[in-house]
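Report on the following structure.
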Ligand code: ADP
Ligand code: TRP
């Protein structure tokens, strides 16, 4: 029986943090046990906002090494850079002809930019490049090109998958045959939103993130910076409303969680002590991942070889989809 296909991509627009780790990377790697997985680095998507070449190239490497350090096995997962697959861009152009401009006007990211501009009283399209405006078409191409069945993503990306469905459906409708496979979003409800250092959702754009691969001393410093209230040491504390505890839950086993929760409730434990315990379990999980990451980053030629081999495996799959579409379209 052929296995279903799971596909997802990560944009190299910031340092990978533990929100990405629990919210995206780990669940995708879990799925790879059951599905034929195709995971990639969405570097052309990043180009819309990343205009510094040094920074972009470092982040492309970081995301690639990050996937591998977290356990992606390139022998089992087709793992590549979006920019290595020219068919992505060919398919994007073809899909453009089936994408209503009005559909793009409704995209959340574009609408948010327009609204922000309008509130400032300026040109509604200020700072909006065509890459941002057509972002969902490129993403639809990423997905459709590889005959994806499921696309594991966070809730914020569901609209993009729905747009990919719409676009693929209008192609199939036009040619009265199933030229393209219709993908489904896979949003794991059990994956909680990881809180950041200040209690809001951890995000690179809020400056509240704990990067996965920072050195141990910096990791400790960041954890010590978690914002707490002014409750005194002796006061009993509520674990459920404590960021330290919410983060602890992600890294500690159930026995450890119960033990720390009871220390919270009985009083006599200060925030400093809770942070030390959090640091211990975070570092326990991240130390081996960090070590693998540092080894991979130290050998860029080997990393390039892994990505080139992935592209090699991806391109025939991509070419077949484009061929099918071109034939259906009368362009051979
Ligand atoms: P950021 O919010 O830092 O810009 P991205 O939007 O690039 O992160 O997210 C990449 C992936 O990581 C997405 O699948 C997203 O759902 C997941 N993710 C990001 N932040 C979190 C978080 N705080 N908790 C859970 N998942 C997250
Ligand atoms: N837009 C996604 C994000 O911001 C990244 C992405 C690009 C992606 N292409 C994709 C995700 C294809 C899933 C499938 O997180």
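Data overview
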{"read-out": "Residue count for the range 251-265, restricted to those that are within 18 Å of residue 285 (Cβ to Cβ) and buried (at least 18 other Cβ atoms within 10 Å of the Cβ)", "value": "3"}
{"read-out": "Qualifying positions in the range 192-227 - part of a loop (DSSP other than H, G, I, E, B) and farther than 22 Å from residue 240 by Cβ", "value": "203, 207, 209, 212, 213, 214, 215"}
{"read-out": "Residue list for the range 191-215, filter: surrounded by 15 or more Cβ atoms within 10 Å (Cβ to Cβ), more than 11 Å from ligand 1 (Cβ to nearest atom) and at pLDDT 95 or above", "value": "212, 213, 214"}
{"read-out": "Qualifying residue in the range 97-118 (condition: modelled with pLDDT of 95 or more, in contact with a strand residue (DSSP E or B) (Cβ under 7 Å, 6 or more places away or on another chain) and within 12 Å of ligand 2 (Cβ to nearest atom))", "value": "no"}
{"read-out": "All strands (runs of 3 or more DSSP E) inside the range 1-87 with 1 or more residues being within 13 Å of ligand 1 (Cβ to nearest atom)", "value": "5-10, 36-41"}
{"read-out": "Subset tally (residues that are within 13 Å of ligand 1 (Cβ to nearest atom) and more than 24 Å from residue 326 (Cα to Cα)) for the range 129-158", "value": "8"}
{"read-out": "Flag if residue 162 is surrounded by fewer than 17 Cβ atoms within 10 Å (Cβ to Cβ) and either touching a helix residue (DSSP H, G or I) at 6+ places or on another chain (Cβ under 7 Å) or on the phi > 0 side of the Ramachandran plot (or both)", "value": "no"}
{"read-out": "Options 305, 315, 326; residue that is more than 19 Å from residue 212 (Cα to Cα) and touching a strand residue (DSSP E or B) at 6+ places or on another chain (Cβ under 9 Å)", "value": "315"}
{"read-out": "Cβ-Cβ under 6 Å pairs, at least 6 apart or on other chains, the range 134-158 side touching a residue at least 12 places away in the same chain (Cβ under 8 Å), far side near ligand 1 (Cβ under 10 Å from one of its atoms) and assigned to a helix (DSSP H, G or I)", "value": "152/27; 152/28; 154/23"}
{"read-out": "Test: residue in the range 168-190 that is surrounded by 16 or more Cβ atoms within 10 Å (Cβ to Cβ), in a helix (DSSP H, G or I), within 14 Å of ligand 2 (Cβ to nearest atom) and modelled with pLDDT of 95 or more", "value": "yes"}
{"read-out": "Residue within the range 295-313 that is assigned to a loop (DSSP other than H, G, I, E, B) and free of Cβ contacts under 8 Å to residues at least 24 places away in the same chain present", "value": "yes"}
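Rundown of residues vs (1) without any contact (Cβ under 8 Å) to a residue 40 or more places away in the chain; (2) closer than 21 Å to residue 289 by Cα, yes/no style:
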position: 33; (1), (2): yes, yes
position: 43; (1), (2): no, no
position: 61; (1), (2): no, yes
position: 69; (1), (2): no, yes
position: 72; (1), (2): no, yes
position: 81; (1), (2): no, no
position: 99; (1), (2): no, no
position: 112; (1), (2): yes, no
position: 115; (1), (2): yes, no
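The values are calculated or read from the model by the stated rules, or taken from the named source; none is laboratory data. Computed from a predicted model, the values in this text were never measured in an experiment. Reconstructed Cβ throughout: ideal geometry from the backbone, glycine too, with neighbour counts over all protein chains shown.
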